[in-house]
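Novice: Just dropping this structure here.
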Amino acid sequence: MNINLNVEVVEQDQSTTLVLTGEIDAYTAPILKESLLPLTKTANAEVIVDLEQVNYMDSTGLGVFISALKSAKEHDSKLKLIQLQERVHRLFKITSLDSIIDIDTTVRGGN
Amino acid sequence: MERFDFIEMKLPAKPEFVGVVRLSISGIANRMGFSYEEIEDLKVAISEAMTNATTHAYQANEDGEVTVGFGIYQDRLEIMVADHGGSFDLTEIKQATGPYQQTEPIESLREGGFGLFLIDALMDKVEIKNDYGVIVLMTKKLSLNEVDLDDDQIPTTQ
C-alpha cells in the first residue's frame, strides 16, 4: 500500500497535466501544492490534474485545489480535474465544491 | 457494563503519521466487518481529526503527542483523537465550517475548514471536548445485517 504521493508532470501543446499516484493527506498535500500552484500562474494555461491513481484524499487535498482555483482565476488560467475515483469525487460533492471546480467525470478510474 | 475491546496508540503530532493512523483504522474496521465504503469514510474522518490535532494544537510545540483510542463494540466503533496541547476556539471553528455556498465568491473560499464538516458528514455521532487540549469523539455504527464478520469485503466502486 502506498501512502505517499507521486507527481508526474506531462507537458502538451495546449496544456499541462499533473498525473498523481498515491494518497493526498496532510503530509503529501504540500507536495501537490508545490507542483500545482506555479502551473496556474501562467496566463491562459490549461492545467489538468489526473486523479485516476489517487485512492485517498481528504480536506487537505480540497484545500490545495481551492488554492489552485483561486490562483487560476487570478492569473486567467484554467484548472480541470479528471478521472476521479468515486470516493474522491464524493468529497467534492459533499462539500459542494463540485459546483465551482471543473471536474470531468466521463471516465472514472479505479484499481 | 457493556463489553468492548480497546486499542490505544500514541503518535508524534506530525503529519507523516496521519497515514499510519489511516492504515490502523483500516485494519480494525475491516476486522469488525465494516463495508469498503464505511472504511473509506472512517479513514477520512480519523485523518481529519489527526490533521487538526497536528496542525492546530501543535503549531508552537513540535514535540507534541496525539493519543488515538479505538473502542470496539459489538455494534459500533468509537474513536477518540486527543491532543494535550493548546486548545483552539471551538465556536470560531464551528462557524467556519460547512459546505460551499453558491453565494460565496471564490475569492473568499476557505482553504481549511472542511475538516470538521467532513467528520460530521461521514460519522454517525461526533462530540468535541475542549477542556484540556482537544478531544474528538466519533462513532460509526456497524450495520449488523450486512455481512458476517469473516466475509471478505468486496469493493463496490471497482
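The values are calculated or read from the model by the stated rules, or taken from the named source; none is laboratory data. As the structure is a computational prediction, the values presented were derived from the model and not from experiment. Virtual Cβ from ideal backbone geometry, glycine too; neighbours counted across all protein chains shown.
Novice: Taking A:Glu34 as meeting all but one of (1) outside any strand (DSSP E or B); (2) in contact with a helix residue (DSSP H, G or I) (Cβ under 9 Å, 6 or more places away or on another chain); (3) not hydroxyl-bearing (Ser, Thr, Tyr), write down the number of the exception.
Specialist: So the condition that A:Glu34 fails would be (2).
Novice: Quick check on A:Ser96: is it without any contact (Cβ under 8 Å) to a residue 12 or more places away in the chain, closer than 28 Å to B:Val18 by Cα and small (Gly, Ala, Ser)?
Specialist: Considered against the rule, which asks whether it is without any contact (Cβ under 8 Å) to a residue 12 or more places away in the chain, closer than 28 Å to B:Val18 by Cα and small (Gly, Ala, Ser), A:Ser96 comes out as yes.
Novice: Taking the condition of being away from every other protein chain (no Cβ under 14 Å) and under 21 Å from B:Phe17 (Cα atoms), how many residues in the range A:7-44 meet it?
Specialist: The number of residues fulfilling the criteria is 4.
Novice: Scan the range B:128-142 residue by residue and report those that are closer than 24 Å to B:Met32 by Cα and in contact with a helix residue (DSSP H, G or I) (Cβ under 8 Å, 6 or more places away or on another chain).
Specialist: B:Val136, B:Met138, B:Lys140, B:Leu142
Novice: Please state which one of A:Val47, A:Val64, A:Val88 is part of a strand (DSSP E or B) and either more than 8 Å from every other protein chain (Cβ to nearest Cβ) or among the β-branched types (Val, Ile, Thr) (or both).
Specialist: A:Val47
Novice: Tally time: how many residues in the range B:23-42 are surrounded by fewer than 24 Cβ atoms within 10 Å (Cβ to Cβ) and touching an Asp or Glu at 6+ places or on another chain (Cβ under 8 Å)?
Specialist: Going through the range B:23-42 one residue at a time, the tally reaches 2.
Novice: Pick from the range A:91-108 the residues that are in a loop (DSSP other than H, G, I, E, B) and of a type outside the set (Lys, Arg): which of them is nearest to the chain's Cα centre (by Cα)?
Specialist: Only one residue tops the list, namely A:Ile101.
Novice: Testing B:Thr54 on (1) at pLDDT below 60; (2) surrounded by 15 or more Cβ atoms within 10 Å (Cβ to Cβ), one condition comes back false. Which one is that?
Specialist: (1)
For every residue, the table says whether it meets (1) under 19 Å from A:Glu23 (Cα atoms); (2) over 13 Å from the mean Cα position of the chain (by Cα).
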{"site": "B:Met1", "(1), (2)": "no, yes"}
{"site": "B:Met9", "(1), (2)": "no, yes"}
{"site": "B:Pro15", "(1), (2)": "yes, yes"}
{"site": "B:Gly27", "(1), (2)": "yes, yes"}
{"site": "B:Met32", "(1), (2)": "no, yes"}
{"site": "B:Asn52", "(1), (2)": "yes, no"}
{"site": "B:Thr55", "(1), (2)": "yes, yes"}
{"site": "B:Val68", "(1), (2)": "no, no"}
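Novice: Looking at (1) within 13 Å of chain B (Cβ to nearest Cβ); (2) within 10 Å of the chain's Cα centre (by Cα); (3) acidic (Asp, Glu), can you tell me which one A:Asp58 breaks?
Specialist: (2)
Novice: Against the conditions (1) buried (at least 23 other Cβ atoms within 10 Å of the Cβ); (2) among the hydrophobic types (A, V, I, L, M, F, W, C); (3) in contact with a Lys or Arg (Cβ under 7 Å, 6 or more places away or on another chain), where does A:Ile48 fall short? Just the number, please.
Specialist: (1)
Novice: Would the range A:68-81 turn up any residue that is in a loop (DSSP other than H, G, I, E, B), more than 7 Å from chain B (Cβ to nearest Cβ) and more than 24 Å from B:Leu116 (Cβ to Cβ)?
Specialist: yes
Novice: If you don't mind, there's one more thing I want to ask. Given the structure, is B:Glu40 at pLDDT below 85 and either closer than 22 Å to A:Leu62 by Cα or in a helix (DSSP H, G or I) (or both)?
Specialist: no
Novice: Scan the range B:79-105 for residues that are more than 20 Å from B:Ser47 (Cα to Cα) and modelled with pLDDT of 70 or more and report the count.
Specialist: Number of matching residues: 5.
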